[in-house]
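Derivation of every value follows stated rules applied to the coordinates shown; laboratory data play no part. This is a predicted model, so every value here is computed, not measured. Methodologically, a virtual Cβ is constructed for each residue, glycine included, from the backbone with ideal geometry; neighbour enumeration extends over all protein chains shown.
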Amino acid sequence: MSLAPHLDPVVVDLGRRALLDMGEVSRSLVYGSFLTDDGFEVVHVPDGKVDANRFASMASSIQALSEAVAREVRIGSSEYVIIASDKGHVIQLRVPGHPVVLGALFDDDETLGKALSVARRCAQQLAASLADRPPVQPDAAAHEPDAAVEHAGAPARADAHGVPAL
Amino acid sequence: MAEHVILFGGPMGAGKTTAIETLSETEVVRTEAANTDRATADKDTTTVALDYGEITLGETDKVRLYGIPGQQRFDFMWTILKERAKGMVLLVNNDAADPVGEMLTFLDEFRDLYDRGGVVVAATRSDVSATPTVADYSAALTERRPDLVVPVFTVDPREEDQMRTVLMTLVANIEMREMFSAPAASAAPSQPAVAVAE
């Protein structure tokens, strides 16, 4: 059985780095979060701006609803979700190949196009980082905490959307 | 044609999505995600927004069936969906650690739905765990909420006949209360009605 993304310190660390990098590229990023498909927060930056658990739960619901609508009207899979308002916008999109969603809140100083571009790059950065994570060697695994051993030895599990678990 | 909006509530893993799949005459809208919380319920997926289906009862009653997420962290969906609802089928998993406690918690959370229309309790997986019994649920209801009249069933959510019985009981309760327009607060305290579907 593999570790859930929000319980995996490697995913949390890589996610934090990707979010901080997004903040460097876009100063109008107010809040960024990675969350699991089922609404658990993996990591967020910065602290104190938003109720992190609440944001993760709501983002999970919105993601699932948007995908249900896309299925219903047969327009393929939902690529991203945009909530545009007069004081900013929220962008959500999946981390390719993983049961993880990026939710990012930008203020109204950012154009929607640029916000979408940096959010997409952030999600791709996490996907690439996870693909590059070094496999745990059997000998090393024997000395790792139980959780790491469990993660390294577990076969990938397909989730509801047909992507392997982290 | 009368229309009813009915919620299917209860804790994660109680069988809400299955019940709606069983009842609905239309393709069910589902919003499921990979479940990472195996400690709470050992199943692959979980509802994170809503399930939606429709059924026609008799020749006149159209019922819109909404399943809500079972986890407290999605309680904003509870608030959104209960605004339009008239009643709730409250499913509890009989082999959970404390199904009676979960029933009472959800009943408290959705008390306004009882006041507006009605609530029916449906205990699932009683084939796996024989207790609590229907009498146990009713006794807990009587002790905690002597002012409420809540039918209790044991059901298999995969069985259409059983789920239709539960749903029709709830709709009948709602329509009777509408007919008599009796405010719940003024109703005389009474014992919970008990029915067994299996």
**OP:** Sum up the charges of everything whose Cβ sits under 12 Å from the Cβ of residue B:111, counting Lys and Arg as +1 and Asp and Glu as -1, but leave residue B:111 out.
**Re:** -1
Original post:
Mind listing which GluC sites (Glu not before Pro) in the stretch A:49-126 are in a DSSP loop and have 16 or fewer other Cβ atoms within 10 Å?
Top reply: A:79
Original post:
Given R₀ = 35 Å, FRET efficiency for residue A:111-residue B:26 by Cβ-Cβ distance, to 0.05?
Top reply: 0.30
Original post:
Name the residues of the stretch B:1-35 whose amide N is less than 16 Å from a point 7 angstrom out from the Cα of residue B:160 along the C-beta direction?
Top reply: B:18-28
**OP:** Compute the length gained on full extension between residue A:79 and residue A:120: take 0.36 nm times their separation in residues and subtract their Cα-Cα distance, giving the result in nm to one decimal.
**Re:** 13.8 nm
Original post:
Counting only other chains, what is the mean number of Cβ atoms within 10 angstrom of the Cβ of each residue in peptide A:38-51?
Top reply: 2
Original post:
How many partner chain Cβ atoms sit within 10 Å of a residue's Cβ in peptide B:23-31, on average, as a whole number?
Top reply: 2
Subject >> Neighbour net charge for residue B:53 - beta-carbon separation under 12 angstrom, K R +1, D E -1 >> reply: -1
Subject >> Kirkwood hydrodynamic radius of chain B, from inverse mean 1/r over distinct Cα pairs, in Å >> reply: 16.7 Å
Original post:
Which value, in debye to the nearest 20, gives the size of the charge dipole of chain B about its Cα centre, when Lys and Arg are +1 and Asp and Glu are -1 at the Cβ?
Top reply: 420 debye
Original post:
Taking the highest mean first, how do the peptides B:149-156, B:36-43, A:125-132 order by number of other beta carbon atoms within 10 angstrom per residue?
Top reply: B:149-156, A:125-132, B:36-43
Original post:
Can you list the lysines whose alpha carbon is less than 23 Å from that of residue A:49, not counting same-chain residues fewer than 8 positions off?
Top reply: A:87, A:114
**OP:** Treating each Cα of the protein assembly as shown as an identical point scatterer and ignoring solvent, apply the Debye formula and state log10 I(q)/I(0) at q = 0.09, 0.10, 0.15 Å⁻¹.
**Re:** -0.58, -0.70, -1.20
Original post:
Near residue B:69, within a Cβ-to-Cβ distance under 13 Å, what is the net charge of the other residues, with Lys and Arg +1 and Asp and Glu -1?
Top reply: -3
Original post:
GNM on chain B, C-alpha springs below 10 Å: top fluctuator among B:35, B:94, B:173?
Top reply: B:35
Original post:
Ranked highest first by the average count of other Cβ atoms within 10 Å around their residues, in what order do A:85-93, A:7-15 fall?
Top reply: A:7-15, A:85-93
